[in-house]
Amino acid sequence: MYKAFKQSITSLLSNKGRTVLTTLGIVIGIATVILVLSAGEGFRGIVNNQIATLGTNTLVIATRVPPTTKNRAAANNGPSLNATVAITSLTLRDLDDVKRLANVTNAYGIVVGQAVASYTDHKKSLIYYGVSAARFEIDKGTLSQGRFFTDGEDKGAAQVAILGSSAATSLFAQDPPLGKYLRVGNLNFLVIGVYNSRGGPVGGGDDGVYIPLVTAQKKMLGIDYIARGVVEMADLNLADATAENIRQVIRHNHDITDPVKDDFTVATQADVLGTLNTIFNGITFLLIAIAAISLIVGGVGIMNIMYVVVTERTAEIGLKKALGAKSSDILNEFLVESIVVTVIGGIFGIILGSLLGWAVALIANAAGLAWPFSVPLYSILIGVGVSATIGISFGVLPARSAAKMDPIEALRYE
């Protein structure tokens, strides 16, 4: 085997251009696998971190369109995706009743709207979030400057605002925003605070502006209901029981006797994470399948080039067999050549894929996303395992072809 390895190395070094081309397909395939899986882990990390900032001991109440006899498909466990139907039954009264439950420590309501915000000659279309003051006792976000608005300012429909970090930069540039008036839609708001960067869109994001809930309801949207409620629990282990208690309270308030007709959903953070992880796992398998195509292309390249090598070295093979070399010796030599190419491609593929994943993380962080860099071990194992299998498998046919050559016929190519 050592002799076969030595001869393979000599053969590969004698034609460096061919060796590079043969290896390139494997390098690209492995690098692609590692890059896409590294990027997937980075995005998963962003979402998980963003959900953590909402509080790990919270659950979310959201509206949904209840099913009808014509549309049973609407009976799902998620919030309503039908933008043409507004569910107006979820109110602050529901949250007040939910707060009386034993395991509930706090809760706040949310409404969402979109408007053009302007300061001097700077304008930006952004999403505004009307939130109860209780949000700031539950949410893990922190301010870079200023203060949160109070419960009195919320109930009094005060026109005060807290900016996301990107919104503050876009609208105020180098001008300190605190104490300035920002126009959102048709109203002027006094800026009292600026959030530190959250690094992602979950739960609001850096491009938003936060205003008191009552202000958003009465002065911006003209409504008296909420879109979502966030509930904080004392004991996370009682999350499922608490969620069921909340359902009972809201069903009573909404005169719902059949749970199938619920016009709301209650989901724990574990439910949200479970759903997201299911989505991420599906995307991961899809990315692996796409990257595997590159590995297969690389394997076909190895096979084709190895067939060319067999043709070029036909006379050499005939001479070796005429001098006593066994078919197994020829087979081993060509197989070892395929293995060496695959191993070299694997090493460079891991390095290239890791560097590309690192570059993606750098670019994402430069864009303001808290993108964690990681190269999952399973991405390396999948990339190298699949490439090794493909490289060796596609090297078997040319190796067998070389081993089966008749020495007399092969020597005629001399």
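The values are calculated or read from the model by the stated rules, or taken from the named source; none is laboratory data. Predicted, not measured: the structure shown is a model, and the values here were computed from it. For neighbour counting, all protein chains shown are included, and Cβ atoms are generated from backbone atoms with ideal geometry for every residue, glycine included. In case anyone asks, the SASA skips ligands and DNA or RNA and just uses the protein heavy atoms, side chains included. Shrake-Rupley method; radii C 1.70, N 1.55, O 1.52, S 1.80 Å.
Shown is the FRET efficiency for His254 and Lys219, computed with R0 = 25 Å from the Cβ-Cβ distance and rounded to the nearest 0.05: 0.40.
When you restrict to C-alpha pairs under 8 Å that are six or more residues apart and normalise by the size of segment 171-261, the relative contact order lands at 11 percent.
Ranked from largest to smallest solvent-accessible area, with a 1.4 Å probe on the protein heavy atoms, Asp154, Asp329 come out as Asp329, Asp154.
If only the Cβ of Lys and Arg carry +1 and only the Cβ of Asp and Glu carry -1, the dipole of segment 130-242 around its Cα centre is close to 420 debye. Summarising the label geometry, the points placed 7 Å from Cα in the beta-carbon direction at Lys123 and Lys155 lie 3.9 nm from one another.
With 18 Å as the limit on Cα-Cα distance, the pairs of Lys155/Lys218; Lys99/Lys219; Lys99/Lys261 that go past it are Lys99/Lys219; Lys99/Lys261. Which residue, chosen from Thr120, Thr88, Ser197, occupies the Cα position most advanced towards the positive end of the dipole of segment 84-238, where the dipole is computed from +1 (Lys, Arg) and -1 (Asp, Glu) charges on Cβ about the Cα centre? Of the listed residues, the answer is Thr120. Listed by chain and number, the aspartates and glutamates whose alpha-carbon sits under 17 Å from that of Lys124, ignoring those within fewer than 8 places in the same chain, are Asp175, Asp206, Asp207.
Descending by average beta-carbon neighbour count within 10 Å, the peptides 32-45, 273-286, 100-113, 171-184 line up as 32-45, 100-113, 171-184, 273-286, the highest first.
Working from Cα pairs under 8 Å separated by at least six residues, relative contact order for segment 89-241 is 35 percent. Beta bridges assigned by DSSP with both partners in segment 124-268 are antiparallel in approximately 55 percent of cases. Computed extension length for Ala370-Val396: 4.7 nm, one decimal, from 0.36 nm per residue of separation with the Cα-Cα distance subtracted.
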